[in-house]
């Protein structure tokens with residue numbers, strides 16, 4: 001009787017571990033494309049990622065860099081005060097209403113042949129907001145000037 005209880009307990013523990021490993025593997029598989037790292041323009045210039053990697057690029061839109069393209073597509077440059085990266089928006093949606101030169105933005109896409117191909121574009125949601133990642137990247141370059149009215153995540 002005692003051996004049967006011990007054997008049953010071992011079976012339950014082994015089954016629990018198999019379920020835990022299986023669940024972890026399924027979660028990892030589901031998130032493989034959903035995790036996008038954030039990079040500043042200086043990080044991209046310093047160590048360019050491979051063309052298949054999807055990541056988020058953030059910084060300030062360079063003054064005078066917005067150039068219209070075909071349909072909703074257009075080009076611009078993003079800087080963190082140190083380096084700048086040319087961006088070509090290749091998404092299907094129109095840019096956000098508050099997307100403009102000199103303002104913070106975060107784009108999702110891939111870096112191919114020296115140009116960031118953005119499929120998604122995010123801009124500040126009001127005049128006193130800037131994404132925390134962009135603030136950190138600007139602080140790293142020493143160009144961030146805090147404003148009392150500025151909000152971050």
- What order do you get for 119, 108 when you list them from fewest to most C-beta neighbours inside 10 Å? 119, 108
- Item | Size-normalised alpha-carbon gyration radius of the stretch 5-65, reference 2.2 N^0.38 Å | 2.09
- Message: Quick check on packing: order 63-70, 3-10 by the mean number of other C-beta atoms within 10 Å, highest mean leading.
- Response: 63-70, 3-10
- Item | Long-range tail of P(r) for the stretch 37-141 (Cα pairs > 24 Å, %) | 13 percent
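Values in this text are rule-based calculations from the coordinates and carry no lab data. Here the structure is a predicted model, which is why all the values come from computation and not from measurement. Reconstructed Cβ throughout: ideal geometry from the backbone, glycine too, with neighbour counts over all protein chains shown.
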